[in-house]
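Just so it is clear, none of the values below were taken in a lab; they were calculated from the coordinates. Treat the numbers as computed from the prediction; the structure is a model and nothing was measured. Glycine gets a Cβ as well: all are built from the backbone with ideal geometry, and neighbour counts include every protein chain shown.
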Amino acid sequence: MTQAHQGTALITGASSGIGAIYADRLAKRGYDLILVARNRDRLNALADRITTETQRTVEVLDADLNDKAALAQVEAKLRSDASITLLVNNAGIGTHTPLLSSDVDKMVQMIDLNVTALTRLTYAIAPAFASRGKGGIINIASIVAIAPEVLNGVYGGTKAFVQAFSQSLHHELAAQGVRVQAVLPGATATDFWATGGLPVEHLDQNIVMSAESMVDAALVGFDRGELITIPSLHEVEEWEAYEAARKTMSAHLSRNTPAARYSLEK
Ligand code: NAP
């Protein structure tokens, strides 16, 4: 079945794992694609397959998003290509190593990719989406945004940023027609784990989802207009209670006197 043309989706980290599945699914939904990652051969192979299967136009941009000049080129593409209707900020790295055994330079590289590049790419497209009154931004966070004790703390911190930034983007831009979704995958069977030093085979397979199932579920969440999508959380009422508690507490967080429990008088 031929899908109506949806414009162009720019997907970062599209050469493997979750990003490659987004590329496949979005092409099948009628998007042309711009695929971004470092590995040009893998991007080209994916682009060839998707073009053959869907007849959609697929452009490849090989860029190291840790490299300022390469990142600037992707930003320029987002600013200049008016066909882009969806940005999928997916490129990211992580690790499980604790603070005392992880290298701070590697941690800063992680922040540069997971936070700085995602932020710059969002800033590059958000004004155009807002002025057109249309456009979507899908940010791939992680369940460690909520549970930072699970893996490396800097990784958890970067994903908490992605979640908070997405919530704020939604708050600021939803009224202008910009759709924002943060996806919080649990453990997903991709190269992410081996790249981070812990092959996925070493995990309890009861907690590992396939990338296909994760992305298909996340797109159902996107279709339903969800801001936060946690594909592996069966107990949605737990998220709803957590979010309701956060919103209740938000109204009480700033006052002109300290709470009584901090009184100097005993
Ligand atoms: P993956 O298969 O390792 O994919 C990571 C992607 O990011 C690859 O396409 C990689 O391509 C790209 N990338 C890495 N460094 C880059 C750089 N400097 N510049 C440009 N692209 C770069 O892992 P994945 O699981 O699909 O990860 C995708 C996202 O899901 C990440 O943000 C990750 O944090 C998140 N996530 C994953 C899991 C999980 O369990 N797998 C769970 C929660 C969240 P190149 O090497 O070709 O550049």
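Each of T229, T257 was scored by other Cβ atoms within 10 Å of its Cβ. Arranged with the fewest first, they read T257, T229. Computed from label points 7 Å out along Cα-Cβ, the spacing between V150 and R261 is 2.7 nm.
Computed from the Cα positions only, the extents of the range 8-236 along the three principal axes stand at 46, 38, 38 Å, in decreasing order. The order of the peptides 172-179, 14-21, 142-149 by mean Cβ neighbours within 10 Å, most packed first, is 14-21, 142-149, 172-179. Where both bridge residues fall in the range 8-236, DSSP classifies roughly 0% of the beta bridges as antiparallel. The alpha-carbon of K134 sits under 25 angstrom from the alpha-carbons of these lysines, leaving out residues fewer than 8 places away in its chain: K28, K77. Rounded to the nearest 20 debye, the dipole size of the range 14-57 about its Cα centre is 100 debye, using +1 on the Cβ of Lys and Arg and -1 on the Cβ of Asp and Glu. The C-alpha atoms of the chain define a longest principal axis, and helix 17-28 lies at about 50 degrees to it. Computed from Cα atoms, the angle from the helix 211-223 axis to the main principal axis of the chain rounds to 80 degrees. I'd like the orientation of helix 236-250 relative to the chain: the angle between its Cα long axis and the longest Cα principal axis, in ° from 0 to 90, rounded to 10. Its long axis makes an angle of about 60 degrees. Ignoring lysines fewer than eight residues from K247 along the same chain, the ones with Cα atoms less than 21 angstrom from its Cα are K159.
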